[in-house]
Amino acid sequence: MKLLFSRVLLCILVASQIGVGQTSVEARQQRVEAGLLPPVLVKGAPGWTIQERMKHYKIPGVSVAVIKDFKVEWAKGYGVEDLDTNKPVSVGTLFQAGSISKPVAAMAALKKVEQGKISLDEDINNRLTSWKLPDNEFTAKRKVTLAHLLSHTAGLTVHGFPGYAVGEKIPTLPQILDGTQPANTAAVRVNMEPGTKFRYSGGGSTIAQLAVMDIEKKPYPQIAEENVLKQLSMTDSTYEQPLPDKIRRKAAAGYKPDGKVVPGKIHIYPEMAAAGLWTTPTDLAKFAIEVQLSLQGKSNKVLSKASVEKMVTPFISGSDVGLGFFSEKHGNATYFGHGGADEGFRADLLVHRDKGYGVVVMVNSDNGAIMDEIIRSVAREYQWEDYLPAPYEAISVDPAKLDSYAGRFLVNPDRVLTVTREGGKLYVQPTGDPRFELVPISEGTFIRMEQNIRYTFVRNASDQVEAIKLTAPQGEAQAKLISKETLVPYEMITAGMANEAIEAYKKIKAEQPNNNAVAEPRLNQLGYTLLAQNKLAEAIAIFRANVELYPTSSNVYDSLGEAYMLNGDKDLARVNYKKSLELDPQNRNAIDMLKKLGP
């Protein structure tokens, strides 16, 4: 009877321990879900729920896997993988990993190194048979190697790839690398001495893909499956492009920042090593855990410890990227990981180098800010070493004092901060951007929770506010007080003063040619922001200004043509697309649009 009683008691104790463990994990998960955090922390400020932020960012689906003690402690899907079907995201839903494809592909390439089929330091052209990287004055000094390709130090062009819409003709790898039709990106070429500087290049990853394929004489998805995915039990992962129908049924659809679906729902990426991996957070967590364990000398399912160390150790001085992963320091802690962005998808993987914890987040949206908010929530809940900044202590400020801060402050020739008080709070409305709250940390200094910037109000000898000092990690700037009547060019445009705005932009360009306010990409982005808001006249005015400032740019005419086409001005659209094509005969979009517009 005593023995029976002891066994029963033991079973009860074991069961209770299991229950406590399950409850603990479930409680941690729930706190993560309810505690999404901004970049700047304030004591006592409540976090957001994951559902609130998904709604805020118009994100249909999110998938998360949390790593603790070198294991996936929990994984969960949120929302839906496709708004048409309303099918819920599960832990088995596949997302596009974007550039997280690169470290997985790097592991496959390093496997070929360990097998003696290629050397890290030999001329990559020695192993390329279906295509050759053209030599020039830069490769005459030093040849491009596999190590250069994996560490983004090959001096190569082409940062990333937009992919191909469903139904578009898919180019071969040699066509992509030479920038010939139907490729939609420029030729991948060396224009900087290899091994001297870091410069991110998806083009380099594509050359590495082709080299491995030429060595193995097999399709790339098969190489990755045999050498990495199968070895790590990544059963919900594939580099197949396009996805076979049976796998496509398990994959999410991609969505734009405005919540609209990507045409055709996904893009196709023949640049598989650079951007073509379909996977889940759980599978990517298995990959990251293998790297963590290998660094500890506790696993070598694919690579030796020495090879894995190369993946996470910066390859050249001044860089933070190894042969596959980016490293980042937080105080005394070192983390490694990689982000990813494909059309309609974003992903992030981040783990501690030594301590066996981390997280993977994937979303089927171009809005990726929620991923950092989730990572910070996980970091707080699991007490990641030195990861989160110290929180600020907010104070209360007399409303009368807050009134003295109200006004318009000029940040640059085309950006104004309009400061107002509402109740006991201070708000800022930047030109063309959403309003945000300023949180006081002293009587005259405020912070913004969404960005790491301090706002300190500067007073003159008469104790009148005359400027705001803006302090960020990158440096300091001053925004001076201006009158209500003073308008910057963007405000002129929104007030219907398009011609005056264009003249104002031209004046800024003449006086301050390097000012970002009149940079071509910045003006183009403003135009597209207005297009997204259906403000066609204002968008056309911005694009017209960009054309006047940058008359030799094919892209600005292409954008103006698009705006005219959306406005129903087909003749003007045709004129601008033709001009774009004159400047860049390879502009695929202009060619396609002119076909649609007709003669």
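Centre-to-centre, using Cα atoms only, region 28-80 and region 357-379 are separated by 7 Å. Computed with a 1.4 Å probe on the full set of protein chains, the accessible area for Ile170 sits at about 60 Å².
Relative to one another, the C-alpha centroids of region 395-440 and region 500-526 are positioned 25 Å apart. Loop-resident chymotrypsin sites (Phe, Trp or Tyr not before Pro) (DSSP state other than H, G, I, E or B) in region 27-77 with no more than 16 further Cβ atoms inside 10 Å of their Cβ are absent.
Explain nothing, just the number: relative contact order of region 72-143, from Cα pairs under 8 Å at least 6 residues apart, as a whole percent. Kindly include the intermediate steps, with their values, before the conclusion.
Values: 29 pairs, mean separation 10.8, N = 72.
The normalised contact order for region 72-143 reaches 15 percent.
If R0 is taken as 60 Å, the Cβ-Cβ distance between Lys425 and Arg249 corresponds to a FRET efficiency of 0.75.
Relative contact order for region 208-300: 30 percent, from Cα pairs under 8 Å spaced at least 6 residues apart, divided by residue count. Within the accessible surface of region 105-183, defined with a 1.4 Å probe on protein heavy atoms only, the carbon and sulfur portion equals 51 percent. Any idea how far the Cα center of region 117-151 sits from the one of region 295-345, in Å? Spelled out, the Cα-based centre of one part sits 22 Å from the other. Counting only heavy atoms of the protein chains and using a 1.4 Å probe, Asp433 has close to 70 Å² of accessible surface. Applying both filters, DSSP loop and at most 15 other Cβ atoms within 10 Å, to the trypsin sites (Lys or Arg not before Pro) of region 224-326 gives Lys230, Arg249, Lys260, Lys298, Lys301. Computed across region 56-198, the Kirkwood hydrodynamic radius from all distinct Cα-Cα pairs reaches 18.5 Å. With the Cα gyration tensor of the chain giving a ≥ b ≥ c as the square roots of its eigenvalues, does the rule (a/c under 1.5 for rounded; else a/b larger than b/c for prolate; else oblate) give rounded, prolate or oblate? Oblate.
Its relative contact order, with pairs defined as Cα atoms under 8 Å and 6+ residues apart, puts the chain at 14 percent.
Straight-line reach from Lys401: taking Cα to Cα under 20 Å and skipping same-chain neighbours fewer than 8 places apart, the aspartates and glutamates in range are Glu393, Glu422, Glu437, Glu443, Asp463, Glu466. The share of Cα pairs per 5 Å bin across region 198-249, counted from zero up to the longest distance, runs 4, 18, 21, 22, 19, 12, 3, 1 percent.
Applying both filters, DSSP loop and at most 10 other Cβ atoms within 10 Å, to the GluC sites (Glu not before Pro) of region 438-491 gives Glu485.
Protein chains only, probe 1.4 Å: how do Lys132, Lys71, Lys506 rank by accessible area, largest first?
On the way: Lys132 105, Lys71 140, Lys506 75 Å².
Reading off the accessible areas and sorting them downward yields Lys71, Lys132, Lys506.
The values are calculated or read from the model by the stated rules, or taken from the named source; none is laboratory data. From a predicted model like this one, the values you see are computed outputs, not experimental measurements. Methodologically, a virtual Cβ is constructed for each residue, glycine included, from the backbone with ideal geometry; neighbour enumeration extends over all protein chains shown. In case anyone asks, the SASA skips ligands and DNA or RNA and just uses the protein heavy atoms, side chains included. Shrake-Rupley method; radii C 1.70, N 1.55, O 1.52, S 1.80 Å.
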